[in-house]
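Notes to accompany the following structure.
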């Protein structure tokens with residue numbers, strides 16, 4: 001097995017407590033805006049969930065919106081990720097932006113958003129993506145690629161010339177954060193880490209060892 005040699009030094013930027021916004025959402029917005037023009041798919045995040053037995057699953061999903069109430073993504077409610085969330089709403093999100101030598105970790109509680117909000121977003125999606133939401137039985141076994149393509153053709157013909165309705169099994173989750181950590185890579189592996197933790201509706205900020 002080829003040995004992995006770790007020699008890359010992080011020396012692009014620094015992070016101090018005085019740099020941080022009082023609100024972690026505002027701090028996230030600040031970093032996200034800086035990432036938009038410098039990172040490919042800055043809204044790609046690792047979503048980790050667990051089932052009732054503690055088995056953990058991680059996958060990359062796309063952040064579609066964030067505000068003072070949390071971070072929103074969309075999925076098939078019959079998927080493994082959604083079924084895990086219905087059993088255990090505790091969730092972890094992680095963004096890693098290598099070009100900025102930054103990482104953000106979020107721990108929180110995931111809850112379904114309103115059907116109205118899910119519908120508004122569904123109607124804004126490209127038509128082909130709307131058809132895919134109907135065609136893909138996410139996380140379920142398929143015999144081969146042809147099965148997927150045939151299902152796509154079926155729903156494409158079914159909705160030909162018609163407005164595509166949002167499937168009842170498709171919608172969004174909002175992750176309301178309990179803690180958010182901001183990590184800035186530094187030289188000699190002495191990285192800057194600051195963790196916001198919510199206590200009595202207020203955010204406390206602590207520096208952590210790298």
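Each value in this text was obtained by applying a stated rule to the coordinates, not by laboratory testing. Everything quoted here is computed from the prediction, not taken from an experiment. Positions of Cβ are backbone-derived with ideal geometry, glycine not excepted, and every protein chain shown enters the neighbour counts.
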Exposure proxy check on 106, 25: fewest-to-most Cβ neighbours within 10 Å is 25, 106
Could you give the angle, 0 to 90 degrees to the nearest 10, between helix 145-158's Cα long axis and the longest principal axis of the Cα atoms of the chain?
60 degrees
Among rounded, prolate and oblate, which fits segment 60-144 when a ≥ b ≥ c are the square roots of the eigenvalues of its C-alpha gyration tensor, a/c under 1.5 means rounded, and a/b larger than b/c means prolate?
rounded
Exposure proxy ranking, count of Cβ atoms within 10 Å, fewest first, for 144, 9:
144, 9
One-quarter of the Cα convex hull surface for segment 1-69, in nm²?
8.7 nm²
How far is helix 115-124 tilted off the main Cα axis of the chain, in degrees rounded to 10, range 0 to 90?
80 degrees
Note the listed values (i) 176; (ii) 117; (iii) 102, then indicate which one is volume of the Cα convex hull per residue in Å³ calculated from this particular structure.
(i)
Spatial separation of Cα centroids for segment 149-210 and segment 20-52, in angstrom
8 Å
With angles folded into 0 to 90 degrees, how steeply does helix 24-36 sit against the dominant principal axis of the chain? Use alpha carbons for both and round to 10.
80 degrees
Residue-normalised 222 nm signal for the chain, counting each DSSP H run of n ≥ 4 as -39,500 (n - 2.57), nearest 500 deg cm²/dmol, is -7500 deg cm²/dmol
Given 4 °C and 1.567 mPa s, compute D for segment 1-121 with the Stokes-Einstein relation, Rh being the Kirkwood radius over Cα pairs; round to the nearest whole µm²/s.
79 µm²/s
